[in-house]
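Trainee: Submitted below is the structure of interest, expressed as structure tokens.
Laboratory data are not the source of any read-out in this text; all were calculated from the coordinates shown. What you see is a predicted model; the values in this text were computed from it and never measured. Reconstructed Cβ throughout: ideal geometry from the backbone, glycine too, with neighbour counts over all protein chains shown.
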């Protein structure tokens, strides 16, 4: 699980990180820092409303423009108007501080489940671990780049068009990828998958799909 916590109370942010125990976690203390993380393919955003240089509501709005990442607000502001504004900005849930860690864990689990998040993805005997960018099958192990992980994760979930794959790469790596670069990376990935008896097949009508040989 990869989460981004935007919270100006570093001590609280550290407690939350320890409680959720994610594989990767970025702690931001300002609105500006949080806005810079919106397109980096996080599995979950945990946002405070009141920040030193702005509002977490602006981060939620910016994130919603580029992705469907689950957004959970943690705030001491329990006013109904603020909570309604948070949901209108695109958040999925809202917790009023003080945070009860057991409740937070359950809410995070529910949000990730609804978003389709899975820590490991299976295709036959092959397993993809997106968090560690690793592909395994029996004694075989392949270390993947962020781009390769994004492509495989998307294809294991369902067949899709090239545009969808390139968007997944952007959300995961935070970088745009040109059609030419995408085609080159895809060709390289196909060769790497040969020992795993996997093949990426492209069809005009259905797009790309990942199949066992």
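Trainee: What residue among 16, 151, 65 has the largest mean-square fluctuation in a Gaussian network model of the chain, using Cα springs under 10 Å?
Mentor: 65
Trainee: Any idea what the relative contact order of segment 2-114 is, in percent, if you count C-alpha pairs under 8 Å spaced at least 6 apart?
Mentor: Reported as a whole number, the value is 23 percent.
Trainee: When the chain is treated as a GNM, springs tying every alpha-carbon pair under 10 Å, which of 86, 19, 102 comes out with the largest mean-square fluctuation?
Mentor: Evaluated over the chain, the most mobile residue of the options is 102.
Trainee: Related question: Label points 7 Å out from Cα along the Cβ direction at residue 184 and residue 197: separation in nm?
Mentor: 3.3
Trainee: Next question. What distance in nm lies between label points placed 7 Å from Cα along the C-beta direction at residue 158 and residue 80?
Mentor: Taking the simple label geometry, residue 158 and residue 80 are separated by 3.8 nm.
Trainee: Ok, one more. For each of 153, 32, count neighbouring Cβ atoms within 10 Å of the residue's Cβ, then give the residues from fewest to most.
Mentor: Fewest-to-most Cβ neighbours within 10 Å comes out as 32, 153.
Trainee: Taking 0.36 nm per intervening residue step and subtracting the Cα-Cα distance, what contour gain separates residue 176 from residue 100 on full extension?
Mentor: Length difference between fully extended and current span is 23.5 nm.
Trainee: Okay, moving on. Any idea what angle helix 162-173 forms with the longest principal axis of the chain, computed on alpha-carbon atoms, 0 to 90 degrees, nearest 10?
Mentor: Approximately 50 degrees, to the nearest ten.
Trainee: Quick check: residue separation of residue 18 and residue 65 times 0.36 nm, minus the Cα distance between them. What number comes out in nm?
Mentor: Result for the pair: 14.0 nm of gain on full extension.
Trainee: Okay, next question. Quick check: the angle from helix 179-193's long axis to the longest principal axis of the chain, C-alpha only, nearest 10 degrees?
Mentor: Result, in degrees: 70.
Trainee: Further question: What angle, in degrees between 0 and 90 and rounded to the nearest 10, separates the Cα long axis of helix 101-114 from the longest principal axis of the Cα atoms of the chain?
Mentor: Helix 101-114 sits roughly 40 degrees off the main axis of the chain.
Trainee: Then there is this: Please tell me the relative contact order of the chain in percent, rounded to the nearest whole number, where contacts are Cα pairs under 8 Å and at least six residues apart.
Mentor: Relative contact order, the chain: 15 percent.
Trainee: I've got another one for you. Work out, step by step, the length gained on full extension between residue 132 and residue 93: first 0.36 nm times the residue separation, then minus their alpha carbon distance; give nm to one decimal.
Mentor: 11.3 nm
Trainee: Only Cα pairs under 8 Å and at least 6 apart count here; give the relative contact order of segment 121-212 as a rounded whole percent. Present the calculation step by step, with values, prior to reporting the outcome.
Mentor: Working: 119 pairs, mean separation 22.8, N = 92.
Averaging sequence separation for qualifying contacts and normalising by length gives 25 percent for segment 121-212.
Trainee: Express as a percent, rounded to the nearest 5, the fraction of DSSP beta bridges in segment 2-114 (both residues included) that run antiparallel.
Mentor: 10
Trainee: When the helices in the chain are scored as -39500 (n - 2.57) per DSSP H run of 4 or longer and the sum is shared across all residues, what 222 nm value do you end up with, to the nearest 500 deg cm²/dmol?
Mentor: Helices in the chain give a 222 nm mean residue ellipticity of -13000 deg cm²/dmol.
Trainee: Of the DSSP beta bridges with both residues in the chain, give the percent that are antiparallel, rounding to the nearest 5. Walk me through the intermediate numbers first.
Mentor: Values: 19 of 35 bridges.
Of all bridge pairs located within the chain, approximately 55 percent are antiparallel.
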